[in-house]
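*Asks:* Quick one: structure below, then a few questions.
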Amino acid sequence: MPTPAAARRLTEYSHGAGCGCKLGPGQLNDVLDGLAPLRHPDLIVGTDTGDDAAVWRLSDDRALVVTADFFTPVVDDAYTWGRVAAQNAVSDVWAMGGRPLLALNLVAWPSAELPTELLVEVLAGGAEIATQSGFAIAGGHSVDDPEPKYGLAVVGEVHPDRILTNSGLRDGDVLVLTKPLGVGIATTAIKRRVAPAGLVDVAIEVMTASNGPASAVALAVGARGATDVTGFGLLGHVAKMARASGVDVVLDVAAVPMLPGVRQLAADGVVPGGSRRNLQWVEPMLDPGEVDETDVTVLADAQTSGGLVFGATAEGAESAVAALGGAAAIIGTAHYGSGRIQLQ
């Protein structure tokens, strides 16, 4: 006998948690390799470098940043899920050094299973993030779907000379990470009802925190290379940056901030499928050295609304960490190379 909808948790409607549901980086590369990339003099950033958003030049001092992101429930509270999804979507604009202007809701909803009152809560959560971040949500699109999904299509603006991109890392850059890792493991633990006491609140705090301040600090210290750490995990996103920038990256694993308790959960096998796909994709580019397998798994964890990782001079990186506080940390360095990652 099917479980009544009112008695079911939101995360039970999802085949996976948040950004862990995305196509793996290998699958996505196969898709993009089958398409001819768009070439246009006003397309400053397209699909070539795997960046977080597209950038279209309007004039010498203005460009549009355009992105879309949506996913399945990561928590059981509808309002919180809306906040997380909206923060995750707008993060792509912050990651490019831009400022969000306008967004549209993207909704898939099992109307026969879940009441529309619950959808109102999801959209209200997204609207709260829009208000906090200074952009407007003006409508959107919905479809009836057995699996609930929510996110935003976002338009922002950026100065063409101040774009943060995957290809912007420079020889000698010091890497800064602005949020702790482990959200994918935490949301998987929530879905399986094995999350330790306190981890849920910490994970929600991380996922709903804006990357706007980190973007401003990155620009202030002269960063040119940056991305947000989401579905492909830290290793996957850093690998894309390293390859696009023509550098190798050395990561100091002990310096990488992690959510409390997620390392043990990873050791116990509480790991989303997306994290395993990330690790499989990055392995040919990775020299793990003697780093523990559990730590490597956390480094590949598929994040939802993770932090920014960006490169700056040593002085700039130290200034950035001091300005951001919290979990922000210097985690590695970049040097001329061919896109490899070394762990130490």
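The values are calculated or read from the model by the stated rules, or taken from the named source; none is laboratory data. Note that the coordinates shown come from a computational prediction; the quantities given were computed from them, not determined experimentally. Backbone-built Cβ (ideal geometry, glycine too); neighbour counts: all protein chains shown. Note: areas computed on protein heavy atoms with side chains; ligands, DNA, RNA excluded. Shrake-Rupley method; radii C 1.70, N 1.55, O 1.52, S 1.80 Å.
*Asks:* From largest accessible area down, sort Glu12, Glu293; use a 1.4 Å probe on the protein chains.
*Replies:* Glu293, Glu12
*Asks:* Also: With the full set of protein chains in place, find how many percent of the accessible area of the chain is carbon and sulfur; take the probe as 1.4 Å.
*Replies:* Of all accessible area on the chain, carbon and sulfur atoms account for 55 percent.
*Asks:* Out of the range 241-344, which trypsin sites (Lys or Arg not before Pro) are coil in DSSP terms and have no more than 11 other C-beta atoms within 10 Å?
*Replies:* Within the range 241-344, no trypsin sites (Lys or Arg not before Pro) qualify (loop, at most 11 other Cβ atoms within 10 Å).
*Asks:* Go through 139-150, 50-61 and give me the packing order, highest mean Cβ count within 10 Å leading.
*Replies:* For the peptides 139-150, 50-61, the packing ranking is 50-61, 139-150.
*Asks:* Could you identify which residue out of Glu290, Glu318, Glu157 has the top mean-square fluctuation in a GNM of the chain using Cα springs shorter than 10 Å?
*Replies:* Highest fluctuation of the listed residues: Glu290.
*Asks:* How do 183-191, 110-118, 82-90 rank on mean C-beta neighbours within 10 Å, highest first?
*Replies:* Going by the mean number of other Cβ atoms within 10 Å, highest first, we get 183-191, 82-90, 110-118.
*Asks:* Go ahead and estimate [θ] at 222 nm for the chain from helices alone: -39,500 (n - 2.57) per DSSP H run with n ≥ 4, summed, over the residue count, rounded to 500.
*Replies:* After summing the helix terms and dividing by the residues of the chain, the value is -10500 deg cm²/dmol.
*Asks:* Please report Rg (one decimal) and Dmax (integer) in Å for the Cα set of the range 55-100.
*Replies:* According to the Cα coordinates of the range 55-100, Rg and Dmax are 13.7, 46 Å.
*Asks:* With no solvent and one point per C-alpha, what does the Debye sum give as log10 I(q)/I(0) for the range 131-170 at q = 0.27 Å⁻¹?
*Replies:* Rounded to two decimals, the profile gives -1.05.
*Asks:* Continuing with the same structure: With unit charges on the beta carbon (Lys/Arg positive, Asp/Glu negative), name the residue among Thr116, Val256, Tyr79 whose Cα is farthest towards the positive pole of the charge dipole of the chain.
*Replies:* Thr116
*Asks:* Can you list the aspartates and glutamates whose alpha carbon is less than 14 Å from that of Lys179, not counting same-chain residues fewer than 8 positions off?
*Replies:* Cross-link targets: Glu205, Asp228, Asp301.
*Asks:* In debye, nearest 20: dipole of the chain around its Cα centre with unit charges on the Cβ of K, R (+) and D, E (-)?
*Replies:* The dipole magnitude comes to about 200 debye.
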